[in-house]
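Student: Attaching a single structure in structure tokens format; questions to follow.
Since every read-out is calculated from the coordinates, none of them should be taken as a lab result. Predicted model, so just to flag it, every value in this text is computed and none were measured. Here Cβ is always computed from backbone atoms with ideal geometry, including for glycine, and neighbour counts include all displayed protein chains.
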Amino acid sequence: MAMVNAPQQQSVYRTVYQQFRGVHLTDPYLCDVGHSPYAMNLISNNEGLPEIRPGFRTIHPQGARVNALAKGYIAGEQVFLAHCGAKLYKWTDKEIILLHSGLSDEKSSIFFATHENETKAWIMTGAQYLVYDGVAVKSVEEIATVPTILIAKSPSGGGTLYEPINLLQPKRTECFAGNGNDRNFYLSAKNIDSDDVKVMEIKSSGEVERTNFTVDRALGRITFSVAPDEPLVVGTDNIKITYAKTIEGYANRIKACQICTEYGETGTGRIFVTGNGDYRNYDWWSQTNDPSYFPDLNYGVTGSANTAIMGYCKLGQYQLLIKEDNQQDTTVFLRYPATLNNGDTYFRLEPGIAGKGAIAKRTFVTLVDEPLFLSHMGLFAITSNKITAERTLENRSYFVDEKLTKEANLQDAVATEWNGYYLLCVNQKVYAFNARSKEAHSMSYVYNCFVWDNIDARCFMEYDGMLYFGDSQGNICKFNTDLYGGAQYNDNGQAINVAWATKMDNDNIPFMLKTMTKKGSGITTKPFTRSSYDIYVVTEKNSTEEFIKNFNRDIFDLNDMDLDRFSLETSPFAKFTPFANKVKNYESLQIIVRGNAINEGFGIYNIVKQWRPVNYVKR
């Protein structure tokens, strides 16, 4: 900053703090006039100026912490689901209905996807994998696809591999061609399960179930009392045998996962899952359009087993896997579909940079078109699919990193996209990053950000522009954006404490004492049906806030009248209110504007400080 010559003591100067954009939490002296070293519970309005955030209300107090909220369609009906404690509910704003009990009480993932031409809800708790079809909740194992693993088998064995085993359930089918003579048919597995063995014979009239056989489970042998006929068409199969062979731990590979996303050859169609603590660097993917079928061959091993896969981002036709950071191993991997010579699809995986890794699994969100995730060094964006490039990952949270990176329990943070904001919640605080407000920084840009408190979100859900969250006390809450006027501005009936502070400003002449004049200083505020403002100042002499003024800024509204605060003001335009207070002999001065009244608005356009130098600083 350029040096400023000391002006004559009689001169009067003016500083205008305006074009407010967000917080700058690095140092109270380092802000510019558009940032605040301390601002709470604000959000940008349509003009980009700060005003009070909407409050929230509890719509369903369930008493058990909320682990997931989700929305989707089943049989053409909009469905809202909530996983609270050990229970799964179907709900609307007006009612909540218990669907199922016995769930693991941990954060879960709920997604909606097609199965057998019907959309269903799928719930992954890290201990169970459940499905809801609009009527009942079941374990996915109950409805999981039974694959045909071998075809073109002779009674003695052999055959051609057809479909892989399904990790989610032990049943599989093998297809044989009878020869009219052999009564013994050998399966590919021995020591098969005690489940019933089902045999279907294909005849000219269709499939007919055979019951005249015995099973040697140890040998995996089916013995017919009468040898099956030859097939009607030579070279085709006419015997289908379905049996169960449990492979220990197979189902748990999927059931222990907590993180999922959709990806595939066309960008969608398959469900990818990860988060199994016993397979930290593994993930698995489903058959196309079938979340009940996870082939045992559909898995990837990503980098070192020392670091876990934390989440997924989608960038164009690519899927990016982000791992946790151990300061040495690769953290970013690129996946994309490719085709083998026989026409089968597989997914190539390429390692990228050993850069910033993720710290919280539930912070992977795309803001507008930019994939974001939380690392121990702040909020990072993936800017390119050239994952070996130096600037593949770029910081987007510089203005709040001083506080954000020091938050406890960062691994528990959750995030969502809402109305152009990336909302990151940790320790009952929300860091609200604004996609519409960016500033150049370090050859790139960062998002401007506001900070909210009193938001105990364990999970979020956005619906039609409205925002819901579930908290650790078991409440499903809704932000008040659907309410009118002052009814928006309370948190469950409690006032929202809102504030904006200017920088600690020495007016570029730290060697002079100054006085804020009684005339000329003030604030321009936005009118609401009801609003009030408390003005404080802080100087270097005393860190305690000194109260200097309170004023109301109400406008007349027949729908919301208070005779104790009756106002004939009808102008919807901003208005300047003078402070009419003098602050003497300061080196640096900070002005703080607060609001803490229930159901009142709060919005600031600018703050004006008129001052004059009075003497040199002496020590």
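Student: Determine the relative contact order of the chain: mean sequence separation of Cα pairs under 8 Å and six or more apart, normalised by residue count, in whole percent.
Tutor: Computed value for the chain: 16 percent relative contact order.
Student: So, one more: For Val301 and Asn117, FRET efficiency with R0 = 41 Å and r from the beta-carbon atoms, rounded to 0.05?
Tutor: 0.75
Student: Pop the C-beta distance of Thr268 and Glu439 into the FRET formula with R0 = 56 Å and round what comes out to the nearest 0.05.
Tutor: Step by step, r from the Cβ atoms, then E = 0.95.
Student: Can you tell me the convex hull volume per residue for the stretch 220-266, based on C-alpha atoms, in Å³ to the nearest whole number?
Tutor: 156 Å³
Student: At 7 Å along the Cα-to-beta-carbon direction for both Glu95 and Asn550, put a label point, then send me their distance in nm to one decimal.
Tutor: For the pair Glu95/Asn550, the computed spacing is 4.6 nm.
Student: P(r) for the chain: what percent of alpha-carbon pairs falls in each 10 Å bin, starting at zero?
Tutor: 3, 14, 20, 19, 15, 11, 7, 4, 3, 2, 1, 0
Student: Evaluate Rg over Rh across the stretch 214-359, taking Cα atoms for both radii and Kirkwood's formula for Rh.
Tutor: With Rg and the Kirkwood Rh in hand, the quotient comes to 1.14.
Student: To continue, here is another question. A 26 angstrom limit on the alpha carbon distance is what I want to check against. Which of Lys584/Lys618; Lys438/Lys518; Lys518/Lys541; Lys171/Lys203; Lys429/Lys478; Lys356/Lys403 exceed it?
Tutor: Long pairs (Cα-Cα over 26 Å): Lys438/Lys518.
Student: Something else now. For the stretch 115-250, list log₁₀ I(q)/I(0) at each q in 0.19, 0.20 Å⁻¹, using the Debye formula over Cα point scatterers of equal strength and ignoring solvent, two decimals each.
Tutor: -1.07, -1.14
Student: Let me ask you something else. State the extension gain, in nm to one decimal, for the chain segment bounded by Ala354 and Tyr73, taking 0.36 nm per residue of separation less the distance between their alpha-carbons.
Tutor: Net length gain for the segment: 97.1 nm.
Student: Would you be so kind as to identify which of Ile271, Ser188, Tyr536 lies farthest towards the positive end of the dipole of the chain, taking Lys and Arg as +1 and Asp and Glu as -1 on Cβ and the Cα centre as origin?
Tutor: Working it through, the farthest residue towards the positive pole turns out to be Tyr536.
Student: Can you compute the modelled spin-label distance between Ser188 and Asn419, with each label point 7 Å from Cα toward Cβ, in nm?
Tutor: In this crude label model, Ser188 to Asn419 measures out at 5.6 nm.
Student: While we're here: Along each principal axis of its Cα atoms, how long is the stretch 44-162 end to end? Whole angstroms, biggest number first, please.
Tutor: 77, 37, 27
Student: Still on this model: Within a 10 angstrom radius of the beta carbon, how do Ser139, Ser36 rank from fewest other beta carbons to most?
Tutor: Arranged by neighbour count, lowest to highest, Ser139, Ser36 become Ser139, Ser36.
Student: Next question. With +1 assigned to the C-beta of every Lys and Arg and -1 to the C-beta of every Asp and Glu, and no other charges, what is the dipole magnitude of the stretch 171-244 about the Cα centre in debye, to the nearest 20?
Tutor: Around 180 debye, computed over the stretch 171-244.
Student: Give the Rg (one decimal place) followed by the Dmax (whole number) of the stretch 171-244, computed from C-alpha coordinates and expressed in Å.
Tutor: 11.7, 34
Student: Tell me, rounded to the nearest percent, the portion of alpha carbon pairs in the stretch 406-493 spaced more than 19 Å apart.
Tutor: 45 percent
Student: Just want the ordering: Arg253, Arg172, from fewest to most Cβ atoms lying within 10 Å of their own Cβ.
Tutor: Arranged by neighbour count, lowest to highest, Arg253, Arg172 become Arg253, Arg172.
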